[in-house]
Amino acid sequence: MSAILFVHARGGPPLEYAIPRMAAHAEVHVLALAPLPHGTAGGWLPHCASVTEAPPTDGEALVDLVCAHAGRVAARAVTTFSEYAVVAVAHAAARLGVAGAGKRVEAARDKRLMRRTWRDAGVPIPGFAEIHRGADIDEAFARLTPPLLLKAAWSAGSTAHLTVHDREQAALAWQRGRAVMASSAEDGYAELHSAGEGVSDFLLEEIVTGGTLGWFDGHGWGDYVSVEGIVADGVYHPLAITGRMPTVPPFTERASIAPAELPEQLQRRIEELSRAAVDALGLETCATHTEIKLAPGGHGMWLIETAARFGGVLTTRQVEEVFGLDMIGMLTRQLLGRPVDYPPRMATSGTGAAGSLVILAVDPLGEPWTEHPRWDFAAVDWAELLQPGSRIELVEEKSLPPGTPVPAYREAEGANTMAALCFLTAESAPALLADCARIVDALPKALTATARLTTGMPQ
């Protein structure tokens, strides 16, 4: 069996899900740039041919490291599922002469370059301005319509995203955003190819007004979707659409749901916009995750971003559960030059529903919790919160240990403040959406009540 080098860094699907699917098609060697989840090692370690934990490094030294390790294990392919390692791994693949995202990978990572590329291609995007110095903020407000969203160009998970209404607020937010990016970098949530990249690189973007009217028949859906796919030798294969709950201000994702309950003709329109977006980026061979904002009335759309990797958290598992597509296995085979049976068109319907729910200390209206109980998945009576036929499980690798206080939600830190990640299944997407809504509404009280019963505090 051919060898593949998997570069592990922060983010991406849980290893206990991802590695067995790679190992079904290849001999998997792991090069770990971030701490490994040893608590779940029973689910992934037996599937590895070797595991090497590397000292912290970045830039071209990281590319050198990946190439050298690939040579040692005789890897025929290299891959990663981490946003922060995508660029370095693409450069390593190019140097090794194996399949990879290609020389234009930065366009799927740096949000400034991404938007320039899309603007030149004529695809719909919000108005934007790059922020390199203080004067750029004044110029941005002179030609863009506030409120504006300040974004870190190299961030992930809505980290360092802040809504601003005027120049003074934007200047303060830029200071705050840079501090958040610097702090995230210390925790390993930072671009690995260029040392210091992303701490000061930002853009301001117009906030377009999205809406679900004319798209979804039911209530409770968010106003954007994502298209999951694979680019194979420059040919884009869109595979499925996943929907969302409304985001937590400013735009932190709370839950991803498959399938997105959209009529097929609307899904086909979304599919074609994702094709135009990915084709414009000029990627070679990689996974893709393209986020699209929906305009009210079922008419227009705007591109948010495309990543040269699979969607985060449990997107790959959701797609496999509902549509029967093992995207990790498909990409593994593609990277190794083996035949892959891509569907002729994107799947628009599946069986049942699956979702991932991020536990954040925010109520259904987006207000932070007033109490911060300790996280304890096992102590919650989930049967009271779920409909018959629905199930929930904790993703241990992506969750805080039991007994840890639920972190306070801070707008600028986005998903970095999550307490846990849960995987849910239900008989239908509306049922799963309703389950998630009940959990969001009930969880702070459920955890607080559990803590009082455990400690003997008065009710």
Problem - Hey, Gly177 among the small types (Gly, Ala, Ser) and part of a loop (DSSP other than H, G, I, E, B) or not - result: no
Handout entry: Flag for Ala135 being under 17 Å from Gly12 (Cβ atoms), more than 21 Å from the chain's Cα centre (by Cα), of a type outside the set (Phe, Trp, Tyr) and assigned to a helix (DSSP H, G or I)
Key = no
Practice task
Among the candidates Thr242, Thr252, single out the residue that is of a type outside the set (A, V, I, L, M, F, W, C), modelled with pLDDT under 95 and buried (at least 20 other Cβ atoms within 10 Å of the Cβ).
Solution key: Thr252
Problem - Residues of region 318-343 satisfying the condition of being of a type outside the set (Val, Ile, Thr), more than 18 Å from Pro20 (Cα to Cα) and assigned to a helix (DSSP H, G or I) - result: Phe323
Practice task
Scan Cys48, Cys67 and give me the residue that is without any contact (Cβ under 8 Å) to a residue 60 or more places away in the chain and touching a strand residue (DSSP E or B) at 6+ places or on another chain (Cβ under 7 Å).
Solution key: Cys48
Problem - Selection within region 374-399 - within 19 Å of the chain's Cα centre (by Cα) and either outside the structural domain of Val440 (by TED's automatic domain parsing) or farther than 17 Å from Ser184 by Cα (or both) - result: Leu394, Val395, Glu396, Glu397, Ser399
Practice task
Return a yes/no flag: does region 340-351 have any residue that is under 29 Å from Phe251 (Cα atoms) and buried (at least 21 other Cβ atoms within 10 Å of the Cβ).
Solution key: yes
Practice task
Show the residue pairs that are 6+ apart or on different chains and have beta-carbon atoms under 7 Å apart, the first residue being within region 146-169 and among the acidic types (Asp, Glu), the second being surrounded by fewer than 22 Cβ atoms within 10 Å (Cβ to Cβ) and in a loop (DSSP other than H, G, I, E, B).
Solution key: Asp166/Pro146
Practice task
Evaluate the following for Ala378: is it among the small types (Gly, Ala, Ser) and either touching a residue at least 60 places away in the same chain (Cβ under 8 Å) or within 29 Å of Thr159 (Cβ to Cβ) (or both)?
Solution key: no
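So that you can scan it fast, the table gives a plain yes or no per residue for (1) part of a helix (DSSP H, G or I); (2) over 20 Å from Gly12 (Cβ atoms); (3) among the aliphatic types (A, V, I, L, M):
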position: Lys151; (1), (2), (3): no, yes, no
position: Ala171; (1), (2), (3): yes, yes, yes
position: Ser184; (1), (2), (3): yes, no, no
position: Ala190; (1), (2), (3): no, no, yes
Fill in the blank from the handout: Selection from region 255-284 of residues over 13 Å from Gly234 (Cα atoms) and acidic (Asp, Glu) yields Glu261, Glu264, Glu271, Glu272
Practice task
Could you check, for region 189-196, whether at least one of its residues is in contact with a Leu (Cβ under 8 Å, 6 or more places away or on another chain) and either outside the structural domain of Arg275 (by TED's automatic domain parsing) or surrounded by 24 or more Cβ atoms within 10 Å (Cβ to Cβ) (or both)?
Solution key: yes
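The values are calculated or read from the model by the stated rules, or taken from the named source; none is laboratory data. In this text, all values refer to a predicted model and were calculated from it rather than measured experimentally. Because the Cβ atoms are built from the backbone with ideal geometry, glycine has one as well, and the counts that use them run over all protein chains shown.
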